[in-house]
Amino acid sequence: MPRSNWKLHLNASRQEQAEKIFNRCIMAIGRLPMDATVKPYSKGGYLAVFELYHSDKMGWGDLVVEVLSMGQKLGVGWTLLGDANSDPSAVLATNTGSRSSVSGLSWAEWQLNQHEMD
């Protein structure tokens with residue numbers, strides 16, 4: 001089953017705050033995560049790491065568009081990285097001019113890998 005991997009940096013000083021921000025992010029994305037963790041981040045705040053599963057019936061292009069659309073629900077100004085045909089990824093960083101639509105989200109990252117679809 002295809003999946004996208006996500007990381008969210010949450011600007012919080014306590015676990016409870018971080019979990020509230022994380023829940024707002026998940027509500028914005030509109031898909032329940034798998035294997036989610038929210039832990040203190042070594043550089044401050046908290047880091048949420050999770051996977052989102054996608055339909056087996058989607059073609060690669062549709063999958064990329066779906067993940068792009070989910071990312072846009074978290075904010076605008078994503079920097080796209082990688083090869084769109086095999087391993088695209090993107091970063092949303094509020095310190096570089098991107099804008100988060102979820103209060104408390106400092107940066108976000110998602111990644112897809114076509115090899116994981118096999």
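The values are calculated or read from the model by the stated rules, or taken from the named source; none is laboratory data. Keep in mind it's a predicted model, so treat the numbers as computed, not measured. Neighbour counts run over all protein chains shown; Cβ positions are idealised from the backbone, glycine included. We work out accessible area using only protein heavy atoms, side chains counted, and drop any ligands, DNA or RNA first. Shrake-Rupley method; radii C 1.70, N 1.55, O 1.52, S 1.80 Å.
Per-structure values
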item: The stretch 70-85 residues that are within 20 Å of G30 (Cα to Cα) and touching a residue at least 12 places away in the same chain (Cβ under 8 Å), paired with ones that are basic (K, R) and open to solvent by 50 Å² or more (accessible area, probe 1.4 Å) (beta carbon under 9 Å, 6 or more apart); result: M70/R31; G75/R99; V76/R99; G77/R99
item: All positions within the stretch 91-104 that are hydrophobic (A, V, I, L, M, F, W, C) and either part of a loop (DSSP other than H, G, I, E, B) or open to solvent by less than 10 Å² (accessible area, probe 1.4 Å) (or both); result: L92, V102
item: Some residue of the stretch 70-80 being over 16 Å from F22 (Cβ atoms) and open to solvent by less than 40 Å² (accessible area, probe 1.4 Å); result: no
item: Number of the condition not met by D83 [criteria: (1) open to solvent by less than 80 Å² (accessible area, probe 1.4 Å); (2) at positive phi; (3) modelled with pLDDT under 95]; result: (2)
item: Leading residue by the ranking (most open to solvent (accessible area, probe 1.4 Å)) among those in the stretch 19-69 that are in a strand (DSSP E or B) and under 16 Å from S106 (Cβ atoms); result: K39
item: So A108, is it part of a loop (DSSP other than H, G, I, E, B), of a type in the set (A, V, I, L, M, F, W, C) and out of contact with any helix residue (DSSP H, G or I) (no Cβ under 6 Å at 6 or more places or on another chain); result: no
